[in-house]
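The structure appears below as structure tokens.
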Amino acid sequence: RRHSKSVTEKQAIAKHQACACFLHFLNVFERACPPTEYPEAAESLTSQFMSGYLDPDLGHILETSVPPGDLAAVAAFRPFVAKIEKMTRSQDEEREMELERNARFADLEVVVAKLERDTQTLEQRLSAAGSEAERHAKDLLYLRQRQKKGEEFVNEWFKKSCCLVQVDDTYQGAIAGFLQFREQFRGRVGQEFGLIGFDATVWPSNANIVVNSMNTVAQLLGMSSSHMAWIQYPVLHAATNLNAMVKHRHLLEISMLKHSIACQFNVQILYAKPDARANDNRNLSQPALCGFHSNYQESPLRSSKAVAAGTAGPCPLIKVTDFIQYDESSKPGPAMRCEQKGIPCHLAMIDGLLSGVELADEDRVLFVDVLPNTYCEFGRACVQRAWDGSGKSILYIGFWSQEQFKKNQKALREIVYQGWDAMPGSPPQSRPLEENEAQSAPSLQIIAWQNGAPHWPDFLDTKFPEGSSEAEALSRKKQEFLQKFPAQPAPRTGTTVRPGRAGGHCDFSIDGGAKPLDITREIQPEQVGEADFTENRLGACDAKGRRPAIVITSSFEVWIGNPSGTEGMNVEAQELFGFGVGDYEEREVRDPTKEKFGLPFRLTSDLDHISYQKEPHALCQFLRWLATQRGMGELKLEDHVIDTRFHPAVSGQDPVPVTFRYKIAPKENFVTHVFKPKNDGTGRESGTNMFRAQALGTVFHQNYDKVISNKKAGVVWEVDFTSSPPSVVVSKPKVYLLCALHLPPKTWVNLSK
């Protein structure tokens with residue numbers, strides 16, 4: 001470095017020290033810097049040093065630091081040091097990514113190898129046990145034979161333990177039915193005790209029913225001193241008034257006196273509401289009476305604690321949401337809320353009436369339901385008691401109207417069938433395997449084995465980063481696996497899934513590979529902003545929870561939207577709206593698409609969707625679930641003819657069924673249940689076009705042929721099933737969204753286009 005004037009010795013020493021310090025740091029920098037970057041950086045640093053810019057930093061370091069020092073302490077070195085560190089980090093990250101890629105690739109190879117070994121194991125298992133179609137046919141044949149035995153058991157059980165007599169308002173044949181049922185006990189050891197039920201909680205609209213049913217009660221009481229009437233008086237509710245209630249109670253008492261029934265044993269039924277909400281205003285008591293025939297001064301049933309104390313209970317009421325036939329679209333009315341009490345409540349009543357009565361093991365208790373409530377709850381309670389073993393078994397005799405038969409007989413048979421189905425002495429729930437069939441779950445390394453079938457393990461879907469080549473390769477493997485072993489979703493039942501009672505999956509190899517509509521698919525329809533959505537509205541309902549806002553326009557188009565949201569809404573397949581309350585009419589329907597005045601229950605294929613417990617499923621998959629989980633090898637489909645489909649016949653061989661695929665056709669006479677909404681304003685806000693979602697569909701009144709029906713949304717029928725007789729029965733039509741989509745804030749989507 002040149003100087004314009006001479007320097008002192010002290011200055012010269014300082015300059016030499018700065019020069020040595022710079023050369024030291026330059027040497028340190030050279031060792032850390034990539035060779036390609038060093039020359040340019042050294043030239044820049046040297047130029048700055050020669051100009052004297054580095055002297056202050058170098059002097060400070062010489063005074064305050066010890067070798068080797070920190071490059072970053074010299075301001076001129078910092079940009080170059082930062083650049084080197086960044087380059088080093090980038091190189092380290094690249095090495096780490098390369099190592100991670102190599103690890104993922106190695107991991108993928110391990111996973112693929114395990115998948116291939118498991119697939120080979122499963123294929124060998126299938127080939128050793130015969131074709132899936134052959135095993136499917138054997139399984140269903142076994143289930144049908146087992147069902148037949150169950151039906152025989154139910155019929156035999158009803159002959160011995162339960163008698164249902166269908167009567168009209170004259171009650172003709174009621175006593176004859178009772179005597180015929182009781183004939184089987186002639187000559188048997190033990191005494192007969194009879195409880196004669198008369199539930200007038202909700203007063204019958206037909207006066208003849210009251211007169212003739214009370215006459216029947218009197219005849220039954222007159223048969224034995226061990227018979228006692230259990231008469232529940234009318235109660236006050238919003239659909240009646242005090243004058244009517246007093247009048248009806250007076251008519252009952254006059255009728256009892258006329259028929260020589262003692263009226264002095266009044267009982268107050270006490271109710272409890274253990275699971276009720278705070279706004280549940282159902283009565284906590286009800287007046288009743290224990291009646292005896294005046295011809296008998298004594299009766300063993302007079303020792304009942306209910307007779308002695310004048311109270312029965314507390315009897316627990318079920319929650320309103322647990323009511324039979326409860327539906328959100330038609331909230332229970334006042335009569336239904338006070339009439340329906342639940343099986344536990346009616347069992348508590350029976351136990352209260354029998355408490356204090358000396359009953360020997362060989363004695364028989366008959367409950368004769370002369371005037372059942374709408375839901376025949378005493379019948380359900382007596383049949384349930386026969387299976388839960390929680391107390392003295394009660395033989396049940398019910399005098400039911402035609403409507404009660406239609407609504408309740410299947411429910412009683414279902415209780416008995418399910419009891420038989422779980423009995424230790426019943427045939428095995430699944431077909432015993434033959435010698436050449438696998439006896440246990442296969443040994444698999446990575447594929448899951450659930451419910452007697454292979455399943456793709458969920459953890460593999462997130463094993464590799466989304467979008468990576470490994471994730472794409474594993475996705476292709478998953479598709480190959482599902483082609484060989486199709487996934488079979490099952491309806492949610494609220495109970496633990498049992499081991500499969502039948503093997504096989506829905507075979508979609510027929511009809512050109514047609515499959516049920518994938519309701520999980522996400523679509524991206526055209527969106528309209530809130531400001532531009534000016535359609536004339538026939539009816540609408542607000543968004544609630546995961547359900548979007550819904551509008552039906554004057555042209556009967558269905559729109560869904562997120563009008564007031566500040567965030568986007570992810571909408572999945574779900575129920576959108578219903579058609580409110582209504583009645584069913586059975587009549588001939590040739591072309592359901594032209595029905596303007598109702599919604600006919602008509603399915604065209606086993607790929608059509610139905611809904612079970614609010615979950616939509618393809619019919620064939622629901623029928624498979626019924627077979628594998630409930631043992632329904634054969635059943636009927638209301639209003640339809642259902643037959644197994646077969647593969648094309650091969651010469652010299654029996655036809656092979658297509659596993660869990662069915663031909664669906666209307667009945668030969670085309671008689672169909674047509675749901676006719678009442679359109680009585682239920683579910684509509686007074687004076688507005690706003691509805692509850694459960695009743696929004698009533699805006700299609702007399703235009704039900706215009707209800708939406710496409711791949712985005714359409715009518716899905718809610719169904720239920722009964723085991724005895726085995727059948728799928730229709731419940732109600734609803735409109736379901738049949739896809740998934742995203743709704744940004746303040747946007748609307750037209751589902752009809």
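The values are calculated or read from the model by the stated rules, or taken from the named source; none is laboratory data. Computed from a prediction, not measured in an experiment: that's the story for all the values here. Backbone-built Cβ (ideal geometry, glycine too); neighbour counts: all protein chains shown. The protein model used for the area step is the full one, side chains on, heavy atoms only, and it has no ligands, DNA or RNA in it. Shrake-Rupley method; radii C 1.70, N 1.55, O 1.52, S 1.80 Å.
Please work out the Kirkwood hydrodynamic radius for the stretch 62-124, using every pair of different C-alpha atoms, and report it in angstroms with one decimal place.
It works out to 16.2 Å.
Considering only protein heavy atoms and a probe of 1.4 Å, how much of the accessible area of the chain is carbon and sulfur, as a whole percent?
Details: 19380 of 38480 Å².
Solvent-exposed carbon and sulfur of the chain make up 50 percent of the total.
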key: Around residue 373: net Lys/Arg minus Asp/Glu count, Cβ-Cβ under 15 Å   = 0
task = Using Cα positions and a limit of under 24 Å, work out the lysines in reach of residue 676, with same-chain residues fewer than 8 apart set aside.
result = 331, 406, 407, 410, 594, 596, 614, 636, 667, 706, 732, 734
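What number, in percent, do you get for the relative contact order of the chain if the mean sequence gap of Cα pairs under 8 Å and at least 6 apart is divided by its residue count?
13
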key: Calculated SAXS-style log₁₀ I(q)/I(0) at q = 0.10, 0.19 Å⁻¹ - the stretch 343-445, Debye, Cα scatterers   = -0.43, -1.00
note = Amide H neighbours of residue 672 at under 5 Å, excluding residues fewer than 5 places away on the same chain, with H built from the backbone geometry, are 587, 588, 589
Pair-distance profile P(r), taking every C-alpha pair of the stretch 178-327, with 5 angstrom steps and integer % = 2, 8, 15, 18, 18, 16, 12, 7, 3, 1, 0
remark   = Non-local residues with an amide H under 5 Å from the amide H of residue 285, with H modelled 1.01 Å from N and Pro and chain starts lacking one, are 271
query = Once phi is turned into ³J(HN,Hα) by the Karplus curve 6.51 cos²θ - 1.76 cosθ + 1.60 with θ = phi - 60°, what whole-Hz value does each residue of the stretch 695-702 show in order, with x for glycine and proline?
reply = 10, 4, x, 5, 5, 7, 3, 6
task = Compute the length gained on full extension between residue 443 and residue 98: take 0.36 nm times their separation in residues and subtract their Cα-Cα distance, giving the result in nm to one decimal.
result = 120.7 nm
query = Cβ under 10 Å from residue 562's Cβ, residue 562 left aside: what net charge do those residues give with Lys, Arg +1 and Asp, Glu -1?
reply = -1
query = Points 7 angstrom from Cα along the Cβ direction at residue 294 and residue 522: gap in nanometres?
reply = 8.0
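With +1 assigned to the C-beta of every Lys and Arg and -1 to the C-beta of every Asp and Glu, and no other charges, what is the dipole magnitude of the chain about the Cα centre in debye, to the nearest 20?
1500
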message = Cut-off 19 Å, label point 7 angstrom out along Cα-to-Cβ of residue 753: give me the residues of the stretch 516-541 whose amide nitrogen falls inside.
response = 523-539
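Only bridges whose two residues both fall in the chain count here: according to DSSP, what percent of them are antiparallel, nearest 5?
DSSP beta bridges in the chain are roughly 70 percent antiparallel.
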task = Calculate, axis by axis, the spread of Cα positions in the chain along the three principal axes, and write the results as whole Å, longest axis first.
result = 148, 74, 61
key: Spin-label zone in the stretch 605-624 - amide nitrogen under 20 Å from a point set 7 Å from the Cα of residue 670 along the C-beta vector   = 605
query = Using the per-residue mean of other Cβ atoms lying within 10 Å as a proxy for protection, in what order, highest first, do the peptides 62-75, 548-561 fall?
reply = 548-561, 62-75
Under 5 Å, built H, 5+ apart or other chain: amide partners of residue 166 = 400
request  = Evaluate the distance, in nm, between pseudo-label points positioned 7 Å from the Cα of residue 239 and of residue 121 along their respective Cα→Cβ axes.
outcome  = 6.0
key: For the stretch 271-316, the Rg and Dmax computed from alpha carbons only, in angstrom   = 15.2, 48
request  = Distance from a point 7 Å along Cα→Cβ of residue 144 to each backbone N in the stretch 609-627: keep the residues under 20 Å and list them by number.
outcome  = 620-627
message = Explain nothing, just compute: Karplus ³J(HN,Hα) = 6.51 cos²θ - 1.76 cosθ + 1.60, θ = phi - 60°, for every residue of the stretch 536-550 in order, whole Hz, x for Gly and Pro.
response = 6, 9, 7, x, 7, 9, 6, 5, 8, x, 8, 8, x, 5, 10
key: the stretch 40-161: equivalent-ellipsoid semi-axes (sqrt of 5 x gyration tensor eigenvalues, Cα, Å)   = 86, 21, 10
note = Answer check: the stretch 301-349, Cα atoms, Kirkwood Rh, Rg/Rh ratio of 1.14
Computed E for residue 90/residue 605 - FRET, C-beta separation, R0 60 angstrom, nearest 0.05 = 0.55
remark   = So residue 189 and residue 638, fully extended at 0.36 nm per residue minus their Cα-Cα distance, gain in nm 157.1 nm
query = Applying 1/(1 + (r/R0)^6) with R0 = 51 Å to the Cβ-Cβ distance of residue 706 and residue 482, what FRET efficiency is obtained, to the nearest 0.05?
reply = 0.85
ask   = Hey, got the dipole for the stretch 600-720? About the Cα centre, +1 on K and R Cβ, -1 on D and E Cβ, debye to the nearest 20?
value = 320
task = Evaluate E = 1/(1 + (r/R0)^6) for residue 515 and residue 156, where r is the Cβ-Cβ distance and R0 equals 60 Å; express this FRET efficiency to the nearest 0.05.
result = 0.85
key: Full-stretch length increase - residue 393, residue 585 - with 0.36 nm per residue and alpha-carbon distance subtracted   = 65.2 nm
remark   = Under the Karplus relation with 6.51, -1.76 and 1.60 and θ = phi - 60°, whole-Hz ³J(HN,Hα) for the stretch 189-196, x at Gly and Pro, equal 6, x, 9, 9, 10, x, 9, 9
Residue among 653, 693, 724 farthest towards the positive dipole end of the stretch 617-753, charges placed on Cβ = 693
query = Can you tell which of 409, 397, 350 lies farthest toward the positive end of the dipole of the stretch 332-428, using +1 and -1 charges on the Cβ of basic and acidic side chains (Lys, Arg; Asp, Glu)?
reply = 409
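Per residue, how large is the accessible surface of the chain? Use a 1.4 angstrom probe and give square angstrom. Don't skip to the end; give the middle numbers.
Numbers: 38480 Å² over 753 residues.
Per residue, the chain has an accessible area of 51 Å².
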inquiry  = Please give me the summed charge of the neighbours of residue 414: other residues whose Cβ is under 13 Å from its Cβ, Lys and Arg +1, Asp and Glu -1.
reply    = +2
